[in-house]
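One structure below.
The values are calculated or read from the model by the stated rules, or taken from the named source; none is laboratory data. Remember, predicted model here, so these are calculated numbers, not experimental data. Counting neighbours? That spans all protein chains shown, and the Cβs are built from the backbone with ideal geometry, glycine included. Heavy atoms of the whole protein, side chains included, go into the accessibility calculation; ligands, DNA and RNA do not. Shrake-Rupley method; radii C 1.70, N 1.55, O 1.52, S 1.80 Å.
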Amino acid sequence: MLKIIYHEDYLTDYFTSLAENPLRISIIYNKLKDYYATVEPEKASKESILRVHSQEHLEKVQQESMETYQTAMLAAGGALCSAHLACQGQPSFAIIRPPGHHAGRSRYGGFCFFNNIAVAVAELLETGLIRKAVIVDIDMHRGDGTQDIFAETSSVCVIDVWSRQREAYLELLQDELDRVEEADIIAVSAGFDLYVEDWGGLLESSDFHRIGCAIHETAHAKARGRYFSLLEGGYFLNDLGKNVLAFCQGLEGKKGESDAV
Ligand SMILES: [Zn+2]
């Protein structure tokens, strides 16, 4: 059974883009909370953040505002919580904000401050819990921060495909998943902005279910069933909860039409 990672402090109203607002989180949480048990994360430690970010970067986020810094530390903490649960064989979806995949070692942008998925994967690697990770980024935007952080790390493989055609996108993603070699964990940067009504204008709700299923199958075939997923983008509020639920039901390996679609 999937778990969800959530903390009410993700609703903190810090200064950011109008699109990346707390309502995204409450909509997703309200949709998922009746289906899955919730785990409340703690903030990441500075030590965890400094595995992938420079000291200057951390100080820059601190100077943004106390609300930004505290929420960003809690988002990274949510990612760590999700990653550690995965190592115990417990999959989860972390409903966190701010998102992280654009944050590089010493820069941030695109509503991201700390690279949540990189902080989590780096901790598992450095503490010896895993030796090889695959990161799958399904957000509309390229996870440039994640790619930069792990550019010289052979123990992390980042999958981030792109096509303007729906079927071609899904096939490319499946091909990449088919090519995955044995890994210790699969981590997903789960953005929902490729949705047909969202900025990307590409995927149907049922496609998020299909992608979730593909991750489930790949993780069971090649990563000992160890996987976790973190919220990145997704801004079309009317269907955001439905799309995340469809994805989560796929992650659970529920075949056929999900309840959400
Ligand atoms: Zn995005």
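So what's the back-of-envelope 222 nm ellipticity for the chain, counting only DSSP H runs of four-plus at -39500 (n - 2.57) apiece and dividing by all residues, rounded to 500?
Helix contribution divided over all residues of the chain: -13500 deg cm²/dmol.
For region 118-261, what are the per-bin percents of Cα-Cα distances with bins 5 Å wide, up to the bin holding the maximum?
Reading upward from the zero bin: 2, 11, 21, 23, 22, 13, 7, 2, 0.
Please go through the residue pairs LYS132/LYS255; LYS3/LYS255; LYS3/LYS242; LYS3/LYS43; LYS132/LYS242; LYS31/LYS60 and name each one whose alpha carbons sit more than 26 Å apart in this structure.
Values: LYS132/LYS255 28 Å; LYS3/LYS255 18 Å; LYS3/LYS242 17 Å; LYS3/LYS43 18 Å; LYS132/LYS242 32 Å; LYS31/LYS60 35 Å.
With Cα atoms farther than 26 Å apart: LYS132/LYS255; LYS132/LYS242; LYS31/LYS60.
In region 1-72, what chymotrypsin sites (Phe, Trp or Tyr not before Pro) fall in a loop by DSSP, with at most 14 other Cβ atoms inside 10 Å?
Here the chymotrypsin sites (Phe, Trp or Tyr not before Pro) that fit, given the DSSP loop and packing criteria, are PHE15.
For region 3-251, what does the accessible surface come to per residue with a 1.4 Å probe? Please give it in Å².
Per-residue value: 39 Å².
For a quick check of your reading of the filter: which GluC sites (Glu not before Pro) in region 1-68 sit in a DSSP loop and have no more than 16 other Cβ atoms within 10 Å?
The qualifying sites are GLU42.
Mean separation of Cα pairs under 8 Å and 6+ residues apart, divided by the residue count of region 1-143: what relative contact order is that in percent?
Relative contact order of region 1-143: 28 percent.
Amide H neighbours of VAL39 under 5 Å, counting only residues 5+ apart in sequence or on other chains, H built in-plane at 1.01 Å?
Long-range HN contacts for VAL39: ILE4, ILE5, TYR6.
Taking region 1-93, which trypsin sites (Lys or Arg not before Pro) meet the DSSP loop condition and have no more than 15 other C-beta atoms within 10 Å?
Within region 1-93, the qualifying trypsin sites (Lys or Arg not before Pro) (loop, at most 15 other Cβ atoms within 10 Å) are LYS33.
Calculate what fraction, in whole %, of the accessible area of the chain sits on carbon and sulfur atoms when a 1.4 Å probe is rolled over the protein chains.
Values: 4860 of 10620 Å².
For the chain, the apolar C and S fraction of the accessible surface comes to 46 percent.
Tell me, what HN-Hα J-couplings in whole Hz come from the Karplus equation 6.51 cos²θ - 1.76 cosθ + 1.60 at θ = phi - 60° for each residue of region 49-59, using x for Gly and Pro?
5, 6, 5, 10, 10, 6, 4, 4, 5, 4, 5
Return the long-range amide H neighbours of SER92 (sequence gap of 5 or more, or a different chain), with a cut-off of under 5 Å between placed amide H atoms.
Answer set, sorted by chain and number: LYS3, SER229.
For TYR195, which sequence-distant residues (separation of 5 or more, or a different chain) have an amide H within less than 5 Å of its own amide H, given hydrogens modelled in the peptide plane?
Result for TYR195 returns GLY200, GLY201, LEU202, LEU203.
Go through region 241-255 residue by residue and turn each phi into a ³J(HN,Hα) via Karplus (6.51, -1.76, 1.60, θ = phi - 60°); whole Hz please, and just put x for glycine and proline.
x, 4, 5, 5, 5, 4, 4, 5, 5, x, 4, 6, x, 7, 6
Quickly work out the LEU18-to-ASN30 label distance, labels modelled 7 Å from Cα along the C-beta direction, and quote it in nm with one decimal.
With each label point 7 Å from Cα toward Cβ, the separation is 2.1 nm.
Which sequence of ARG107, ARG226 reflects their accessible areas, 1.4 Å probe, from the largest down?
Output order, biggest surface exposure first: ARG107, ARG226.
Quick one: work out the % antiparallel among DSSP beta bridges in the chain, nearest 5.
The antiparallel proportion sits near 10 percent.
Take every Cα-Cα distance within the chain, group them into 5 Å bins from 0 onward, and report for each bin the whole-number percent of pairs it holds.
Answer for the chain: a P(r) of 1, 7, 15, 20, 22, 18, 12, 5, 1, 0 percent.
Please state the relative contact order of the chain as a whole percent: Cα pairs under 8 Å, 6+ residues apart?
It rounds to 21 percent for the chain.
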